[in-house]
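Working notes, structure below.
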Amino acid sequence: METRLLTENEQPPMALLLTADPSETVVKDYLDRGHCYIAEIDNQAVGVYVLVETSDDTAELINIAVYEQHQGKGIGKALVKDAIQKSKDLGFKTLEVGTGNSSIDQLALYQKCGFRITGVDKDFFIRHYEEEIFENGIQCIDMVRLSQEL
Ligand code: COA
């Protein structure tokens, strides 16, 4: 698997990004501020992630998604590890990530990749999203914040 920065002439894979974050307005906003990386196997796109600088020494992994037909094969984990390495290479000291209280698999994935829970942004998804979100039979209300030192 190779990861590369999206070039200026390429369209971001919006449908894929929306599987990780249901608001196109929110996604477009951070695409303007962030670096979008495409993951490819044999020149075919399999996933995406977006890194955003949130302060001089901190970046946030703000979106990560793998095409459904490629999920469950270790690509997500490889993308999180790639994002950690890219953040280090870019000179950041801390990498943060946030996910919903209902995103059980994602909470497992991030902790397996070295992230620790640092806090909870209560009612985040009520404040920022018009539609109600449900996953695993749980309403997504709070954002669980995780971070790791690089
Ligand atoms: N059931 C349960 N857990 C699963 C799973 C499944 N079908 N598939 C993945 N996981 C969990 C496991 O904890 C797994 O760790 P393990 O390999 O040690 O068992 C871990 O996720 C990583 O699996 P991996 O195969 O690397 O993940 P993936 O390629 O499927 O990608 C996502 C994971 C989250 C990126 C992918 O499911 C996705 O794109 N989902 C939609 C978008 C999204 O929700 N993005 C995150 C927003 S916070």
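The values are calculated or read from the model by the stated rules, or taken from the named source; none is laboratory data. Computed from a predicted structure; not experimentally measured. Ideal geometry is used to build each Cβ from the backbone, glycine not excepted, and the neighbour counts take in all protein chains shown. For the accessible areas, the whole protein counts, side chains as well, though only heavy atoms, and no ligand, DNA or RNA atoms are used. Shrake-Rupley method; radii C 1.70, N 1.55, O 1.52, S 1.80 Å.
With the Cα gyration tensor of region 34-150 giving a ≥ b ≥ c as the square roots of its eigenvalues, does the rule (a/c under 1.5 for rounded; else a/b larger than b/c for prolate; else oblate) give rounded, prolate or oblate? Oblate, since a/c reaches 1.5 and b/c is not below a/b.
So how do 29-38, 48-57, 123-132 stack up, highest first, on mean other-Cβ count within 10 Å?
Numbers: 29-38: 16.1, 48-57: 17.6, 123-132: 12.7.
For the peptides 29-38, 48-57, 123-132, the packing ranking is 48-57, 29-38, 123-132.
With K and R counted +1 and D and E -1, the other residues having a Cβ less than 10 Å from that of G34 yield a net charge of -3. Summary of packing: across the peptides 107-119, 88-100, the per-residue average of other C-beta atoms within 10 Å ranks them, highest first, as 88-100, 107-119.
Percent relative contact order of the chain, based on C-alpha pairs within less than 8 angstrom and at least six residues apart?
Working: 256 pairs, mean separation 28.3, N = 150.
Over the chain, the number comes to 19 percent.
The H on the amide N of T118, modeled in the peptide plane, is under 5 Å from the matching H of R145, L146, S147, each at least 5 residues off or on a different chain. I'd like the carbon and sulfur percentage of the solvent accessible area for region 2-149, probe radius 1.4 Å, heavy atoms only, ligands and nucleic acids excluded. Carbon and sulfur: 46 percent of the exposed surface of region 2-149. In this simple spin-label model, placing a label point 7 Å from the Cα along the Cα-to-Cβ direction at both H128 and E24 gives a separation of 1.9 nm. The count of lysine pairs in the chain whose Cα atoms are under 21 Å apart, excluding pairs fewer than 8 places apart on the same chain, comes to 11.
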